[in-house]
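A quick write-up on the structure given underneath.
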Amino acid sequence: MKKNEILRIAGLTKSYGGQRVVDQISLSIDRNEFLTLLGPSGCGKTTTLRMVGGFETPDSGEIFYDNQIINTIPPYRRNINTVFQNYALFPHLNIGENIAFGLRCSKQPEKKIRSKIGEMLELVNLPGFEKRSIASLSGGQQQRIAIARALVNEPGLLLLDEPLGALDLKLRQGMQNELKRIQKQVGITFIYVTHDQEEALSMSDHIAVMNGGRIQQYGTPVDIYNEPENTFVADFIGESNIIPGIMKKDYQVHLAGKDFACVDRGFKDSEEINAVIRPEDIIICSPEDNVDLRGIVTSTIFRGVHWEMTVESEHTTWLLHNTVQASPGDNIGLKIEPDAIHIMRKDREE
Amino acid sequence: MKNRFNRYAWPYALWTVVIIVLPLVVIFVFSFSKNGSFSLEGYGLFFTPLYLKVLLKSLELALKATAICLIVGYPIALLISREEGTRKSTLMLLLMLPMWINFLLKTYAWRPILGNTGLLNSFLEMIGLDKVQFLYTEGAVLLGMVYNFIPFMILPILSVLDKMDHKLIEAAHDLGADDRTVFLKVVLPLSLPGIISGISLVFMPSVSTFIIPIILGGGQDMMIGNLIERQFLKVGNWNFGSSISVILMLVILSAMIILSLFDREKRGER
Amino acid sequence: MKKRKLPHWLILLLLIFLYMPILVLITYSFNEGRTGAEWTGFTFKWYAELFRDRNILKAMGYTILIAFIASTVSTVVGTISAWGIKYMGRRTSGILLSINDLPLLNPDLVTAISLMSLYIFLKMTFGFMTLLLSHIMFSIPYVIITVLPVLRRISRHQMEAALDLGAKPVVGLFKIILPQLKQSIISGWLIAFTMSVDDFVISFFTTGSGVSNISIAVFSMARRGINPKINALSSLMFAVVIALLLIINKNRKTRKEDLAIEENILLH
């Protein structure tokens, strides 16, 4: 095992009523890392998190924490804490007592508890809130208290189950930065569960994209975005044009009725592949120029930062994001640079 | 997690079987036996003119009481539902308060009013009329039923009316319905669940009461409840008493089935 | 809409109908004369006589004792059972709750004779124990339907959060779950207590010689005819009910919530 590893999951499996929710998952997480489990609802990410937290027992496979198997250790004996989806703050206790709960369970001296509460409120930017009631807090503030409460025990690992899911967009973006700052400041490993790809991309050191109880791809946000390993990942992360094609030879691919230069190699000659082209990587130019493709704009929607356009070329429909607007009915030319094309092997099930 | 805690309910489950289900089974078995062997004598005895008349009288009084409660209670529920704020909650509290007062005492309270030398007859004498026998009549029993059970008719109707979306009424008006049509086609059909639960809440205790006939009806075997009481407590013929009880339960059960059919039919239409 | 000062005459008429007999009774409890509508002078003698009547005092004692034991036992058993029911499968809990509803839905008379038959069947001696058992039997369902909805609203994450922060299950139960149930447990106890004090039919059938509660005592007096002592007793009980309701009302946050709970219980 690696020296810096804090948690290792090996072949973890869990079924409910005969259905495999988590299917042979293996992962390794280093100290101080920010790992995100990303996937649509029902992909098994929350169940995986709950097994690490001790709220579910795995059917098979092992969870190693600090190199010890913890499969059947109850939650109250794990040095792991959780931030729950709807915070699960205790409504009958005030903020100070919510944060103090963990310390009182381990019978810490009162003086230490007091100073710890202050320290934690300081950390989450809510100093002086000790005596306030839970009901008096906004969603974002409740979120901070939930984090403070979970961090007070100084866990080796913090689990966050869709912690920003209940907040509105503006607040969510603010909390993303906040969470990242807190993680840097306390130096604790975070495992973060979300279905929001933007959240995952902007906060994580590593992302494990999950679907159907399996990990589809593990890597850094940049890798996952730029080099999705299969159509599920390409489709789930950002928007993309997924175009079937044939790999003519190394660095040359045939798609949408044309040959394109690309940067991928190592495929069999004439192997059928899928190519991923991000909508923002397609360049619009005048149809008279020396272009790769020509097409007609069929729809244009204003998306705030950019325009989203659908363009019909001879063989394919393209999704484009561009700050330049083209109107429906316009004839335009399209250019695709070699490094904008990412080649994937055909998924097995296709 | 789930399976760890549900065991806390199992002792109670066992308890309910012993003290709720088993007794009903015992009554059923008692009703079909005599001196420890199978017998239909209890039922045979019941289906004689003497006892059938009591059954019919019970049904008649209970149905009358239910009808009066509905006819009087519905408009009142409607009126209260149109009130607002503290006045409405005060009215509701006033309506519920008598429900917390001992049933026996509430019934007994009518005796000084209805009695031969009671308030009502004194009043009649004062204005120069003859005394009337109020107490120990069927009318007094009926009055006792209405008095005790009318809140049980008003409250469920009121609660349905309160939950009704006021936009529905506005929508009906918007579509050109007048007040009468709105009431008949929107409000009344939508309040049907409340009416049905009100009917069962009045009919059931009315048909099974034995206290009201004793206190206001003069204690003759007027209603089926009195028959049961007498068989169990005075005659000691538990088999016959059980047979009558099973018949009472059947009456109530069939009333509830009829009501639920009516309810379902209406819901199906909608 | 114009705002009328008084409610509709129909509502007023109903309120007069509902309260007149009680008011008449209270008035007569201070009347010198033994029978009749005539007012012959103000007196407290019926109250004095009431408190000299040994049977009534004994019945009061039994009423309070039975109500206290039955409501306390029911609250403990009902709360624990509600906790179990929360974690039962939907079908099992559905069946159990339907059985639980039977004593609430069945006419008192049927419940009473069914219990009586059970005690006969089990050859038990009628008396204090049978009376107490019956009261526990019909009180638990009230506690369960009061506590269970509140319990079901408490997210399972509450317990998990407690365990997560290092609390053992027992600690989680006492520090996190029970404090949040406090209000509904108190309501459940109060309802069970009131139902027990108020009960006549079930007590009448399941008690034995020498043991009677207030209702039974009133009944045996009432079936003999008018007795001013009953008037005094009624007035006292009416005063107690109003006082209790006021206390309960004050303890709850809003009257609306209070009405909703009462309505839920009464109409269940």
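The values are calculated or read from the model by the stated rules, or taken from the named source; none is laboratory data. Since the model is a prediction, treat every value here as computed from it, not as a measurement. When we count neighbours, we look across all protein chains shown, and the Cβ atoms used for this are built from the backbone with ideal geometry, even at glycine. What goes into the accessible areas is simple: the full protein's heavy atoms, side chains included, and nothing from ligands, DNA or RNA. Shrake-Rupley method; radii C 1.70, N 1.55, O 1.52, S 1.80 Å.
So what's the projected area for chain A, the Cα convex hull averaged over all directions, in nm²? Present the calculation step by step, with values, prior to reporting the outcome.
Numbers: hull surface 85.0 nm².
Computing the convex hull of the Cα atoms and averaging its projections yields 21.3 nm².
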From most to least accessible, 1.4 Å probe, no ligand or DNA/RNA atoms counted, A:Val305, C:Val73 line up as A:Val305, C:Val73
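Using mean Cβ contacts within 10 Å as the protection proxy, how do B:190-203, A:59-72 order, highest first?
Values: B:190-203: 22.1, A:59-72: 14.5.
Averaged packing, sorted descending, gives the order B:190-203, A:59-72.
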Among A:Val324, A:Ile301, A:Val276, pick out the residue whose Cα is farthest towards the positive end of the charge dipole of region A:203-350, where Lys and Arg carry +1 and Asp and Glu carry -1 on C-beta, about the Cα centre.
-> A:Val276
Where only protein heavy atoms count, and the probe is 1.4 Å, what is the accessible area per residue for chain B in Å²?
-> 47
With a 1.4 Å probe, how much accessible area is buried between chains C and B, both sides summed, in Å² to the nearest hundred?
-> 7900
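Report the local net charge at A:Thr13: Lys and Arg +1, Asp and Glu -1, summed over other residues whose C-beta lies under 12 Å from its C-beta. Before the final figure, lay out each step's value.
Working: positive: A:Lys14, A:Arg20, A:Arg214; negative: A:Asp23, A:Glu56, A:Asp59, A:Glu62.
After counting each charged neighbour, the total is -1.
Provide, as a two-decimal number, the C-alpha radius of gyration of region A:118-266 over 2.2 N^0.38 Å, N being how many residues it has.
Details: Rg = 20.7 Å, N = 149, 2.2 N^0.38 = 14.7 Å.
Expressed relative to 2.2 N^0.38 Å, the Cα Rg reads 1.40.
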At the level of C-alpha centres, the distance separating region C:102-155 and region B:198-246, in angstrom, is 20
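Could you work out, residue by residue across A:95-108, how many beta carbons of other chains sit within 10 Å of that residue's beta carbon, and then give the average as an integer? Walk me through the intermediate numbers first.
Numbers: counts 0, 0, 1, 2, 1, 1, 10, 6, 2, 5, 9, 3, 1, 0.
Partner Cβ neighbours, averaged per residue: 3.
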Please report, in debye to the nearest 20, how large the charge dipole of chain A is about its Cα centre when each Lys and Arg carries +1 at its beta carbon and each Asp and Glu carries -1 there.
-> 2160
Cross-chain or 8 or more residues apart, Cα under 22 Å: how many lysine pairs in chain B fit that? Count them up, please.
-> 12
Comparing the chain by itself with all protein chains present, which residues of region C:109-132 are at least 40 Å² less accessible (probe 1.4 Å)?
-> C:Leu109, C:Val110, C:Ile113, C:Ser114, C:Met116, C:Ser117, C:Leu118, C:Ile120, C:Phe121
Which value, in Å² rounded to 10, gives the accessible area of C:Arg223 with a 1.4 Å probe and all protein chains present?
-> 100
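Out of the total accessible area of the protein assembly as shown (probe 1.4 Å, heavy atoms of protein only), what percent is carbon and sulfur? The partial results should precede the final answer.
Values: 24170 of 40930 Å².
On the protein assembly as shown, the fraction of accessible area on carbon and sulfur atoms equals 59 percent.
Add +1 for every Lys or Arg and -1 for every Asp or Glu among the other residues with Cβ under 11 Å from the Cβ of A:Gly53, and state the total.
Values: positive: A:Arg50, A:Arg78; negative: A:Glu56, A:Asp161, C:Glu160, C:Asp164.
Net charge in that neighbourhood comes out at -2.
About its Cα centre, how strong a charge dipole does region C:54-267 have in debye, to the nearest 20, once Lys and Arg get +1 and Asp and Glu get -1 at the Cβ?
Working: 20 positive and 10 negative charges, 53 e Å.
Value, rounded to 20: 260 debye.
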Compute the accessible area per residue over chain A, keeping the other protein chains in place, probe 1.4 Å, unit Å².
-> 46
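Specify whether the C-alpha gyration tensor of region B:52-269 places it in the rounded, prolate or oblate class, a ≥ b ≥ c being the square roots of the eigenvalues: rounded for a/c under 1.5, otherwise prolate if a/b is larger than b/c and oblate if not.
Numbers: a/c = 2.47, a/b = 1.43, b/c = 1.73.
Oblate, since a/c reaches 1.5 and b/c is not below a/b.
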C:Glu38, B:Glu229, reordered so the largest accessible area comes first (probe 1.4 Å) = C:Glu38, B:Glu229
Mean accessible surface per residue for region C:1-114, computed with a 1.4 Å probe while every protein chain stays in place, in Å² | 54
Would you tell me the accessible area of A:Ser136, worked out with a 1.4 angstrom probe on the heavy atoms of the protein chains, in Å² to the nearest 10?
-> 60
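What is the mean projected area of the alpha carbon convex hull for the protein assembly as shown, to one decimal in square nanometres?
Values: hull surface 209.4 nm².
That works out to 52.4 nm².
Just to confirm a number: summing +1 for Lys and Arg and -1 for Asp and Glu over residues other than B:Ala177 whose beta-carbon lies under 12 angstrom from that of B:Ala177, what do you get? It would help to have the intermediate numbers written out before the result.
Working: positive: B:Arg180, B:Lys185; negative: B:Glu170, B:Asp174, B:Asp178, B:Asp179.
That sum, taken over residues with Cβ under 12 Å, equals -2.
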The farthest towards the positive end of the charge dipole of region B:169-258, of the residues B:Ala171, B:Leu253, B:Phe240, given +1 on Cβ of Lys and Arg and -1 on Cβ of Asp and Glu, is B:Phe240
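Taking the Cα centre of the protein assembly as shown as origin and charging only Cβ (+1 Lys, Arg; -1 Asp, Glu), how large is the dipole, in debye to the nearest 20? Walk me through the intermediate numbers first.
Numbers: 88 positive and 79 negative charges, 927 e Å.
Dipole size: approximately 4460 debye.
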